[in-house]
Structure formats: structure tokens, C-alpha cells
Amino acid sequence: QPIRRGATPIPKAPNTLPLLGNALHFLRPRHELLAWFAACQRRHGHATLQISVPTSRSRDLFGHGIINADGHLWKAQRRAGLAFLSAANLRVLTEAALPLYLREAVEGLGARADGRCRVDLQAVFHEITTRLMGRMAYDMEMHADDEFTLAFEYASGATAERFQNPLWRFTELLFGFRFRRALALDGGDEEKTETREDALGGISGSLVRSLLEAIGDETLVADAALNYLSAGRDTTAQGLTWTLHLLMRHPHEAAKMRREIRRILRSAGGSASEPDPSLFTPTSAPYTLAVFYEALRFYPPIPIEIKQTTAPSTLPDGTFLPKDSVLVWSPWSMNRSEITWGPDVAEFRPDRWLSYSSAPSASHPLSSPSSSPTISPSDDGEVPRFVNRSVGEFPVFNGGPRICLGKKMAELIAVQVLAVVVWSFDFVDAATPGPDGTIPERKSPISLTLPMKGGLPCFVRKRSYTDEDVYGG
Ligand code: HEM
């Protein structure tokens with residue numbers, strides 16, 4: 001049966017060619033493919049369109065882990081993940097492990113903060129999230145330059161290439177030696193499923209242990225843990241990288257963030273020169289969270305989503321999809337929709353995520369330290385509150401039963417890392433300017449996620465504060 005809405009077939013995407021369909025768009029560099037999705041959205045708004053896509057194969061990389069699994073196997077992994085990411089474990093990960101890794105990263109940045117060394121911020125964030133996710137998934141020390149991590153990166157790039165290259169079977173047969181070696185390394189590292197002795201005190205077990213209890217089969221558990229590791233690590237590091245990229249271009253918003261951090265330090269009595277990272281949470285720092293969300297709007301770490309129907313299905317707009325139809329949606333282009341975001345859609349404006357009310361009076365519940373100790377009014381006396389959008393408008397963390405399981409964790413990591421790093425340093429983009437003297441638009445290579453091509457090299461300078469700067473005046 002054909003894909004249709006009512007009695008009529010649905011419209012084809014712009015630039016669809018006879019026989020070739022839209023294959024040429026998928027062969028183009030990544031940013032051109034994303035731009036094409038955005039152009040479809042501008043022309044057709046929220047309408048469902050018919051496109052032809054090369055089919056993607058991610059099973060080799062993700063195996064039977066949660067990202068690919070369905071039915072019982074998915075449910076068991078989801079339940080084990082939810083159990084492991086209990087409030088208590090999340091607290092240990094974000095209040096003990098993350099501050100430790102973050103402090104070490106800040107020390108590393110501090111050692112190179114002479115304003116002349118080039119530091120790749122993408123690599124710095126990647127190291128923090130690799131260590132944190134390694135701790136979470138395997139309860140072990142992992143680093144961004146481990147053989148395992150590098151192999152995973154390579155295999156993930158090669159898997160994404162399958163999505164853009166209709167001839168992938170042929171080219172992999174000829175040139176796929178490195179890819180197959182990387183997969184062997186990813187899948188075969190059995191020792192990763194063992195709990196280490198050096199666990200950070202307080203984490204009850206590891207995700208691997210929870211998964212083993214839920215699923216039993218060791219090969220499946222190896223897939224499952226790898227899925228958790230990859231789902232959380234690259235997405236979060238890339239979200240942070242694009243946020244810093246945007247903040248370097250928007251110093252006014254960085255200054256507003258610092259004012260929020262200053263207010264938090266002031267109300268908590270924290271050290272100005274070495275702020276305690278765990279003071280910064282999505283609740284205490286709504287402006288910082290809004291900056292992160294606004295960056296995710298421009299640069300969603302999963303910019304294109306793809307699923308396949310296992311049974312005939314009908315979309316909410318009435319489009320009928322026969323079994324085995326491939327459904328693609330693009331958070332990248334949905335986040336650029338003027339219909340959803342209004343005429344200032346192209347502006348970086350974190351305030352679009354906030355609503356402001358006037359500062360609470362002494363009798364207001366917010367003024368009681370026990371109810372919300374750290375939300376403090378802005379300089380003009382207003383209390384900001386983060387207001388989320390529906391998943392249909394902002395699908396960056398997906399939605400429904402398969403909504404991202406680490407959304408809360410990602411928010412906690414982002415706010416803590418951004419607050420500490422932006423408070424402690426000034427950054428200047430060190431990318432080489434183009435012929436017209438301006439720094440060219442950053443791009444993303446082919447990948448399942450949205451890394452920044454060439455990293456984010458910048459010059460770093462330490463900001464110094466005295467307690468007087470925070471508490472005086
Ligand atoms: C900014 C950071 C993040 C973004 C943008 C993000 C986004 C997403 C998206 C779009 C999906 C749906 C993928 C699909 O079904 O095709 C997803 C799923 C998932 N995410 Fe995240 N994620 C982030 C961070 C994390 C973190 C820190 C974890 C750590 C635990 C995590 C764990 C997962 C898991 C386990 C799934 C699979 C859920 C399921 O299928 O039931 N994510 N994420």
C-alpha cells in the first residue's frame with residue numbers, strides 16, 4: 001500500500017528527481033543535508049512529505065542495546081536504566097564524580113590560560129563526559145583517548161556514513177577494514193562488564209550490574225552498557241561545545257550568566273575563586289539552563305532521527321504508513337521553524353525559555369530557605385523560571401515512552417559545567433579566519449550525532465575574583 005493522507009498521496013519533498021529521488025541530498029556534506037531539511041521545513045511548514053532515503057544500518061554498532069531494541073528487551077533495559085539512575089545514584093554522579101572531573105578539567109584549563117595557548121574545548125568536554133559516563137556505565141575510569149573510545153568514535157562515524165551513502169555495502173567491502181576492526185574492539189572488550197574496585201563511594205553498584213540482574217546474558221549486557229555510554233557521552237559533550245561557541249559570539253549572554261552565578265554564590269556563601277560546582281543546578285540557575293536549551297535549539301546533538309514502522313501506522317496528521325516505512329524527522333529543522341518559534345527564530349535569545357515574575361515578598365514561599373534555597377531574583381528584582389516546550393515543538397530529547405532517559409542528568413551536567421567554566425574563564429575563538437577576516441560558520445562531519453568539525457580551539461584567560469567582588473556592593 002502507498003504512503004498517503006486520506007485518498008491522496010502526500011507531496012514529495014522539493015528537488016526530488018525521477019529515479020534518484022532524494023539520494024543526491026544524502027550524498028552531500030552533512031551541513032548541506034541539514035540545510036535541505038531546513039529548506040523543506042520553510043517551504044512546507046509542519047506538513048509530512050515523502051522522501052526517498054538510503055536505509056541506515058546501526059545494528060552492527062549498537063547491537064541489541066536500548067537504542068535499537070524493541071519489546072521485552074527494550075523494556076528490561078529501560079527499567080534497569082531507570083533503577084540505576086535513581087535519585088540517589090544521580091546525586092553521587094553529579095555531586096561527587098562530576099565535580100571531581102570538572103575540577104581536574106578546570107585545573108588543566110588554568111594551566112594553559114595565558115591567552116596564547118590554543119585549547120580545544122570540545123576535547124575538554126569530551127574528556128569530562130567520557131569519564132562520567134564510563135563511571136556510570138562500567139564503574140571504571142575511562143578517558144577520551146582510550147583505544148576503546150577512539151574505536152567507538154570511528155565506528156560511529158562509519159555507521160552514520162551508511163545513512164548518507166547508498167553504496168555503503170560496496171564501499172565497506174572494499175575499504176571497511178578499519179570499521180570492522182573498530183567494531184571488534186567495541187564489542188569484544190569483555191572486561192568492561194566487570195565492576196572495578198575503585199568505585200566512587202556511594203554509587204550503589206553500576207549500570208552493568210543492574211543490567212546483568214535484569215537481562216542476564218553477558219553479550220546483551222555488553223551491548224546495553226555501550227548504548228548507555230554512547231547515548232550520554234557524545235550528546236552532552238557536543239551540546240556543551242556548541243553552547244560555548246555561541247557564548248563566545250554573544251558576550252552579553254555570558255555576562256548575564258555570570259550575574260546569575262554571582263547571585264547564587266552570594267546567597268549560598270560559596271567561594272568566589274573556586275566555586276563549589278554542586279551549587280549550580282537547573283533549579284538554582286535557570287538562566288544557565290536556558291542558555292543550554294537555546295544552544296540545543298540551534299545545534300541539537302541528534303539533528304536527524306530515523307525510525308521504521310513494524311506494523312501499519314497512522315501519524316497524528318492522518319498520514320498512513322504501511323509496515324516497514326521509514327520515518328525521518330529533523331529536530332535541526334523543527335528548531336528553526338518560524339511557525340513554532342516566531343519571527344526572531346534566528347536570534348540566540350535564552351530569555352525565550354524563561355518567564356519572569358516579580359521578586360517574592362518576605363511572606364512568599366520562595367523566600368523561605370527550605371522551599372527553594374537558591375533561586376534568587378535577577379538584578380532588577382525579577383525571579384526567572386524555566387518554561388519548557390512540548391516535545392512536539394522541541395524534540396531534542398525525543399518524547400513519549402522512548403524519551404531520553406538521561407535528560408535530567410544532561411541538564412545537571414550542563415548547568416554545573418557551564419556555570420563553573422564560564423565563571424572561571426574568558427574564551428576567545430582561535431579558529432582561523434576566512435579570506436574576509438571573519439571566522440567561518442562551524443560545521444559538523446558525518447556522524448550519528450553533531451560533533452564540531454575541527455573541534456573548538458580557543459584562547460583561554462583566567463578570570464580572577466576576590467570575595468569582595470561577589471559579596472561587596
Ligand atoms: C544533551 C544531551 C542529550 C541529548 C540531546 C539526548 C537526546 C536523546 C534522543 C533524541 C534520544 C532518542 C533517540 C532515538 O530513539 O532515536 C535519546 C535516547 C536515550 N538517551 Fe539521551 N540525550 C542526551 C543525554 C543523555 C544522557 C546523559 C544519558 C545517560 C544516561 C542518555 C541516555 C539515553 C538513553 C538510555 C536513551 C534511549 C532511551 C530509549 O530508547 O528508551 N542521554 N537521547
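The values are calculated or read from the model by the stated rules, or taken from the named source; none is laboratory data. This is a predicted model, so every value here is computed, not measured. Virtual Cβ from ideal backbone geometry, glycine too; neighbours counted across all protein chains shown. Ligands, DNA and RNA are stripped out before the accessible areas are found, and what is left, the full protein with its side chains, is counted by its heavy atoms. Shrake-Rupley method; radii C 1.70, N 1.55, O 1.52, S 1.80 Å.
Can you pull out the GluC sites (Glu not before Pro) in the stretch 85-152 that DSSP calls coil and that have at most 13 other Cβ atoms within 10 Å?
Listed in order of number, the matching sites are GLU141.
Which order do you get for THR438, THR48, THR129 if you rank them by accessible area with a 1.4 Å probe, largest at the top?
Final ranking, largest accessible area leading: THR438, THR48, THR129.
Quick one: of LYS307/LYS408; LYS75/LYS453; LYS323/LYS443, which pairs are farther than 28 Å apart, Cα to Cα? Walk me through the numbers before you get to the answer.
Working: LYS307/LYS408 24 Å; LYS75/LYS453 36 Å; LYS323/LYS443 35 Å.
Over 28 Å Cα-Cα: LYS75/LYS453; LYS323/LYS443.
Can you give the net charge of the other residues whose Cβ lies under 10 Å from the Cβ of ARG349, counting K and R as +1 and D and E as -1?
Numbers: positive: ARG297, ARG352; negative: GLU253, GLU294, ASP344, GLU347, ASP351.
Result for the local shell: -3.
Taking the Cβ of HIS72 as the center, what net charge do the other residues with Cβ under 14 Å away carry, scoring Lys and Arg +1 and Asp and Glu -1? Intermediate results must be reported in sequence, preceding the final value.
Working: positive: LYS75, ARG78, ARG79; negative: ASP70, ASP217.
For residues surrounding HIS72, the net value is +1.
Rank these residues by their accessible area, most exposed first, probe 1.4 Å: LYS443, LYS256, LYS408. Walk me through the numbers on the way to the answer.
Values: LYS443 90, LYS256 50, LYS408 135 Å².
Largest to smallest exposure gives the sequence LYS408, LYS443, LYS256.
Kirkwood hydrodynamic radius for the stretch 408-453: how many Å is it when counted over pairs of different Cα atoms?
13.5
Which order do TYR465, TYR356, TYR299 take by accessible area at a 1.4 Å probe, largest first? Don't skip to the end; give the middle numbers.
Values: TYR465 45, TYR356 85, TYR299 20 Å².
Descending accessible area places them as TYR356, TYR465, TYR299.
Taking θ = phi - 60°, what integer Hz values does the Karplus form 6.51 cos²θ - 1.76 cosθ + 1.60 yield along the stretch 210-227, in sequence order, with x for Gly and Pro?
Taking θ as phi minus 60°, the curve returns 4, 5, 4, 5, 7, 10, x, 4, 5, 5, 4, 5, 4, 4, 4, 5, 4, 4 Hz for the stretch 210-227.
Where Lys and Arg each count +1 and Asp and Glu each count -1, what net charge lies around ILE10 among other residues with Cβ under 15 Å from its Cβ? Write down the numbers at each step before the final one.
Values: positive: ARG4, ARG5, LYS12, ARG43; negative: ASP317.
Once positives and negatives cancel, what remains is +3.
Once the Cβ-Cβ distance between THR432 and ALA87 is put in as r, and R0 is 41 Å, what FRET efficiency do you end up with, to the nearest 0.05? Please list the in-between numbers first.
Numbers: r = 46 Å, r/R0 = 1.12.
The calculated FRET efficiency here is 0.35.
Rolling a 1.4 angstrom probe over the protein chains, ignoring ligands and nucleic acids, what is the accessible area of SER210 in square angstrom, nearest 10?
30
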